[in-house]
Amino acid sequence: MKRIGSGRLSLRFPESFDRDLRLLTYSMAFRRVSMGFLEVVRAIYFSLLGYSPVQIGFLLSIATFVSALHSIVFGYLSDRYGRKVFFVLGGVFASLRMVIFAMSSNFWLLVLAQGVGALGEGAGAGQPVVSGYISDKSEVLDRPKIFSTLAVTNALAATVGSLLAGLPAIFKNTWGFDVVGAHALLFWIGAVGSFMSIFFVIPLKDVKAEKKEAVKGGEKFLNVKDWGVIARFSLVRSTSGLGWGFIESLLPLYFFIKFGVAGEVLGPIYAVTRFLSVLSYGFIPVVVERFGEIQSLVGSRFITGILTLAFSVTPWYPVAVVLMVSLRIAIMFTMPIRQTLATTIVDPDETATAIGISSFARMSLRSVAPTIAGYMFEAISLSLPFIIGAGFLVANGLLYKIFFQRADGKKTAEQSRSF
């Protein structure tokens, strides 16, 4: 076993975490830095440009919808033709979005940037191409450790990115930039980081999943032999995407409108949240061993829903910050668990296609949430999107229990007998 670090925060990697997976990790980290500050400043920046909550919601919806198409198309094509070319394309598209942001504040060019950038937005381990590559390179028993390790490195990189969200305020106060110029400089920094991510994936050795024998009854449609599992998993993920879309998409804008705080304040808060999520990943093995994968997912969704409801009604800024940090940690805690589950419900050569299909279901429904939430912000209530999002997350937990609890229990029993 390879080891990085020392003491309580040491990371032990399985043998399958080889040179290629390390290079992929470095590439993803560069992309996550850019995504870390975009998550904080994007909606607020659009508001500072004078766009309404509905227009801001539309801009975010465009990116989410294109990301849905990206998931299914890139996932399917990478299963057929290899992963590497799509890693490179992702870095190119992510860089182009930053360049357009830096050069223009025109609404329709921002729409174009959001669409282009969404083709390269998948920088986490849940991205279909990444998950497919991990399945190609690793054994099933090694994947929980790999996904947890990637979750840690991504969270640390996003922590750095969140801290960079305060740079526009420094550029304004120190060097006299206006709001557009200050953010443009930040976007140029993001463009360089995203472009650097490409250099790490160029040396990758592409590995095509071993082809399985054709199942009886003919060819598999879209490289998937069990559409029932994919349909159930897609339905579950769609409720999660819709719920989190209502909660997360306009969260920075909510703080900006209700409490008057911007990136220089929210950036460190998001950074603390990411860092605490890193610490929480150390408890995943204990929680999964005690409750199982599905029960852990169900519990997380219920806890997140309750915290979101409390967040939606609190009028006090300090309490709102604590609740926001808590609900984000609760939702991020289960990402490695869900990512591991996704790679075990289908054969390795179907992984990227299956995750792409379920991601398409999740992201296509999620794409409507920001625009609807923006309308609610503008015409109804700042709290209503969060209440609706909490309801969908609770429903998501129930669907995990209904569709996958039995399989999780069976797997746990088999693992116990193996010891």
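Please treat every number below as a calculation from the coordinates, not as lab data. Note that the structure is predicted; figures quoted are calculated from it, not measured. Here the Cβ positions follow ideal geometry from the backbone for every residue, glycine too, while neighbour counts run over all protein chains shown.
Table for the structure above
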| quantity | calculated |
| --- | --- |
| 14 Å beta-carbon shell around ALA191, net charge (K/R +1, D/E -1) | +2 |
| Computed magnitude of the charge dipole of the range 153-213 (debye, nearest 20; Cβ of K, R +1, Cβ of D, E -1) | 120 |
| Added length on full extension, which subtracts the Cα-Cα distance from 0.36 nm per residue, ASN173 to LEU109 | 20.3 nm |
| Linear extension gain, TYR317 paired with TYR26, 0.36 nm per residue minus alpha-carbon span | 101.1 nm |
| Whether the range 33-83 is rounded, prolate or oblate, judged on the alpha carbon gyration tensor where a/c under 1.5 counts as rounded | oblate |
| Of SER78, PRO168, ILE134, farthest towards positive along the dipole that unit charges on Lys, Arg, Asp, Glu beta carbons give the range 65-174 | PRO168 |
| Per-pair calculated FRET efficiency, R0 = 22 Å: LEU235 and VAL286 via Cβ, rounded to 0.05 | 0.15 |
